[in-house]
Amino acid sequence: MVLELEASRIKGYGGILKMFFELTNEQRKCMGIPEVMSDWELVCLEPGFYCYFQGEIIRKLILVQKEDAQKRQKDTYREYNVTAMTKENRTILCPKTARGKEKKLTAATVGKLSCEGVCFYYSDGRISIVNENTQINLFSSHIAGMDKMSWDGLADFCNTWVKETTEEDFTELQEFVNAKRKHCKFIAGDYFRFRVDRRNWGYGRVLLDVMAMRKKGIKDWNILMGRPVIIEVFHILTKDGNLTPNELANLPTIPSQYLMDNALYYGEYQIIGKGPLPKSPDYPIMYGQSISCLDRNKIMFQRGDVYRELPLETNKLIPGDFRNNGMGWQININASILKECIDAGDNTPYWNRDLYYMRCDIRNPKHREALEAVLKQFGLDY
């Protein structure tokens, strides 16, 4: 069952309100989240929005709300750490700097405070534990391949996390909590490792840094947001976090994908060494009509550093949505799909998912005829 706090602990909006779920200090300790101290007071600013005060200082924010279809509201529990001064009996929020302005203390103004340290997020059945100082995830239930969970499932998850925490975990956790933000360099050919779940590692390789390619003046169909990089993930899921590029180089890979470079730049995906690129890298393919309002009369093709265009007036656009310009902060696979591909010995489970990434990727075996037509149109070999 989910945890219910004693109503007498909470003051604020409309008298006394209950918070129907909250992490315990033992759970916080095992996740690296700052604990609630005995001299902190919990105040409700509005239904579902809570502050922990230490005197006049706000130390922690908690947003907890149940699903409400009419409000387009998902089941949510978010616990943020902040440091914010207030005054006049906690009615005024003090500015962070001398140039800032005082504001009335409301849920809206407090909600804009910058969070710090390790924070906990639960929304729409998914969990993530993130160090906001370093921009690195400690855990993602999505990447771990876990099903969406209910409130009771969330409580079970937190209890299990505590039971499975070891002394070695606490040592690693302190390093995670105290780490400073990094700005890591990476280049094509770099191998990296990443946490798939609490105990297992996945490994991948950087195939192309698109920003570095653009700086060299290599033309491309610039329809990707952010700072894109092309990576591939190897068919391996292991508790061994010390594999080398030589041990990985000949393993099969999940089809490559575009990815925002944050996970590499901040060091969540940890570089472990460098090796030669494949002779024919499996780059993603983008194909379609130009989306520029200044020049729509072109058919565009992009694969790695190979860019082509043709006039639409004298060429036929191959039917299908193959722009393939979706890109996220994290890899588009999880532990379950990775394991299925490893067990199958190929990428059929990856391609069989009914997701945008699969439908718009012309490399999908379902689009073989379209791919052959596109390559023929541009006079290219795959």
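Along each principal axis, taking the top coordinate minus the bottom one, the Cα set of the stretch 281-382 gives 47, 28, 24 Å in descending order.
Listed values for the stretch 359-375 are Karplus-derived 3J(HN,Hα) couplings in whole Hz (6.51 cos²θ - 1.76 cosθ + 1.60, θ = phi - 60°), namely 5, 9, 8, 5, 6, 4, x, 5, 10, 4, 5, 5, 4, 4, 5, 5, 4, and x replaces Gly and Pro. Just the protein heavy atoms count here, and of the accessible area of the stretch 271-382 at 1.4 Å, carbon and sulfur take up 52 percent.
Rounded to 0.05, the FRET efficiency of the residue 296 and residue 150 pair, given R0 = 51 Å and the Cβ-Cβ distance, is 0.60. Ligands, DNA and RNA aside, residue 168 has an accessible area near 130 Å² when probed at 1.4 Å. Averaged over its residues, the chain has an accessible area of 53 Å² per residue, based on protein heavy atoms and a 1.4 Å probe. Annotation: amide H of residue 328 within the under-5 Å range of 260, sequence separation 5 or more or interchain, hydrogens built in the peptide plane.
Residue by residue, the stretch 339-344 carries 3J(HN,Hα) couplings of 5, 4, 5, 4, 5, 6 Hz when phi is fed to the Karplus relation 6.51 cos²θ - 1.76 cosθ + 1.60 (θ = phi - 60°); x denotes Gly or Pro.
Structural descriptor for the stretch 267-326: relative contact order 31 percent, calculated from alpha carbon pairs under 8 angstrom and at least 6 residues apart. Using a probe of 1.4 Å on the protein chains alone, the accessible area found for residue 321 is around 80 Å². The stretch between residue 96 and residue 309, if pulled fully straight at 0.36 nm per residue, gains 71.6 nm over its current Cα-Cα span.
Within the listed set 340, 67, 41, the residue fluctuating most in the Gaussian network model of the chain (springs between alpha-carbon atoms under 10 angstrom) is 67. Carbon-plus-sulfur fraction of the accessible area of the stretch 59-168, 1.4 Å probe, in percent? In the stretch 59-168, the share of accessible area belonging to carbon and sulfur is 46 percent. Taking amide H as placed 1.01 Å from N in the peptide plane, residue 136 has its amide H under 5 Å from the amide H of 131, each at least 5 places away in sequence or on another chain. Across the stretch 300-314, coupling constants 3J(HN,Hα) worked out from phi with the 6.51/-1.76/1.60 Karplus curve, θ = phi - 60°, read 10, 9, 9, 9, x, 9, 9, 10, 9, 8, 9, x, 5, 4, 10 Hz, and Gly and Pro carry x.
The values are calculated or read from the model by the stated rules, or taken from the named source; none is laboratory data. Nothing here was measured: the structure is a model prediction, and the numbers come from that model. A quick note on method: Cβ atoms are made from the backbone with ideal geometry, for glycine too, and the neighbour counts reach across all protein chains shown. The area values use the complete protein model at the heavy-atom level, side chains included, leaving out ligands, DNA and RNA. Shrake-Rupley method; radii C 1.70, N 1.55, O 1.52, S 1.80 Å.
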